[in-house]
Amino acid sequence: MPDTNNNTVRMTLLAVGLATLAISAVFVGMIWNFLTALFLAAIFSAMASPLYSKVLAKVGDRAGLATAITLIILVTVVLVPTLAIIYLAAAQANDMTQGIVAYVQGLKTATPGFTIPEWVPFRDQIEGAGPQIASKIGELTGKIAGFFVSAASAATKGTASFFMNLFILIYAMVFFLQEKTTVLGQVMRYSFLPPGAQQQLVERVMSISRATIKGTLVIGIVQGALGGIGFSVAGIEGAAFWGAVMAILSVIPGIGPALVWVPGVIYLFANGETTSAVGLTLWCALVVSTIDNVLRPTLVGRDTAMPDLMILVSTLGGLALFGAVGLIIGPVVAGLFITIWEIFRETFGGIVTDESEEDPGGADAEQE
């Protein structure tokens with residue numbers, strides 16, 4: 001009888017497990033295109049929870065009205081300005097892409113537009129290679145512009161996919177904001193991890209999300225805006241586009257913005273605009289590049305920080321795999337990766353330590 005009961009239990013567990021996996025696979029496949037939007041909705045809802053609680057108290061605990069007001073604030077303050085900047089930058093990038101093609105073709109036969117001083121080593125060789133160097137720089141600029149246009153096209157051309165995901169994100173937040181327990185916490189309950197590990201993972205996701213949005217995105221936007229203003233005052237075309245590129249490259253600690261403004265300064269010097277070049281250098285070196293040190297302690301605060309190398313590779317990897325939303329998802333996944341391996345080490349390391357402490361005692365007891 002006991003064997004029969006055990007077999008019945010095993011068969012029941014196996015049947016339930018297979019049915020769960022099969023139905024889950026079909027369901028995940030069905031909503032696959034919306035998983036990113038739902039994941040972002042869960043993160044944004046958890047981050048907006050303090051704002052929602054304050055609004056809820058102001059409107060007399062009317063959840064529907066508080067949710068509507070919270071979403072209107074978020075859309076007005078965050079979404080509309082972001083889309084406006086992306087639209088302007090993409091429009092300038094499109095114009096630059098068309099102009100660079102003709103520019104590069106002209107450089108192949110043109111002579112350098114500036115004279116290299118006689119004291120510079122290998123002066124003749126450098127002057128002879130000037131058109132080719134400028135051509136390669138122009139081609140690289142064209143590729144950057146083309147990449148930005150393709151990445152921003154979903155937001156600027158109104159593709160169905162972009163607006164459908166945006167609708168799913170906002171609609172999901174209507175429900176997620178009103179949950180007493182965060183959606184991330186509810187999902188973790190089905191992971192069968194110990195409660196402490198579940199809480200640790202949820203806290204890590206929130207901490208990394210806050211650090212990414214406030215630390216990486218906000219600082220990047222500020223640096224890009226300041227850099228774009230400097231480019232515009234200096235008279236460099238496509239200032240909004242270059243500001244957007246600077247914002248993206250700001251994920252590279254220390255040298256990110258310099259990868260954009262230093263070539264801009266060289267371009268101004270090469271065209272004889274010395275005053276503008278010096279002004280842009282001072283502005284970018286003293287303001288744009290140092291604003292990170294001023295804002296990061298205030299914005300990030302006690303939020304968990306990752307090594308700069310991990311932030312860089314996870315952000316670039318997230319961009320490659322998920323597109324623009326990878327700026328957020330990439331670091332979050334990296335944070336989960338680090339945390340789960342810490343939990344693994346603590347869990348199994350403790351087991352190994354306990355066994356290693358027990359074995360010598362057991363061996364000694366047997367010898368005695």
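The values are calculated or read from the model by the stated rules, or taken from the named source; none is laboratory data. A quick note: this is a predicted structure, and the numbers were derived from the prediction, not measured. Cβ sites come from the backbone with ideal geometry, for glycine too, and all protein chains shown count toward neighbours.
Val174 is checked against (1) touching a Ser or Thr at 6+ places or on another chain (Cβ under 9 Å); (2) surrounded by 13 or more Cβ atoms within 10 Å (Cβ to Cβ); (3) at pLDDT below 80 and fails just one. What number does that condition carry?
So Val174 meets the others, but not (3).
Take the conditions in a loop (DSSP other than H, G, I, E, B), touching a residue at least 24 places away in the same chain (Cβ under 8 Å) and of a type in the set (A, V, I, L, M) and apply them to Ile248. Does it pass?
Taking the combined requirement at face value, the residue does not satisfy it.
Go through region 176-211 and report how many residues are hydrophobic (A, V, I, L, M, F, W, C), over 25 Å from Ala68 (Cα atoms) and part of a loop (DSSP other than H, G, I, E, B).
2
So, in region 170-199, of the ones that are touching a residue at least 24 places away in the same chain (Cβ under 8 Å) and of a type in the set (S, T, N, Q), which residue ends up farthest from Ile43 (Cα to Cα)?
Residue satisfying both the conditions and the ranking: Gln178.
Give me a count of the residues in region 299-341 that are polar (S, T, N, Q) and at pLDDT 85 or above.
0
Hey, which of the helices (runs of 4 or more DSSP H) in region 1-77, taking only ones fully inside, have at least 3 residues that are over 31 Å from the mean Cα position of the chain (by Cα)?
Output list reads 2-30.
What residue, among those in region 216-228 that are buried (at least 24 other Cβ atoms within 10 Å of the Cβ) and of a type in the set (Gly, Ala, Ser), is farthest from Ser289 (Cα to Cα)?
The residue in question is Gly228.
Give me the residue from region 320-334 that is free of Cβ contacts under 8 Å to residues at least 60 places away in the same chain and surrounded by fewer than 22 Cβ atoms within 10 Å (Cβ to Cβ) and, out of that set, farthest from Ile43 (Cα to Cα).
The selected residue is Ala320.
Against the condition at pLDDT 80 or above, farther than 27 Å from Trp283 by Cβ, surrounded by fewer than 16 Cβ atoms within 10 Å (Cβ to Cβ) and not small (Gly, Ala, Ser), how does Gln199 come out, does it pass?
yes
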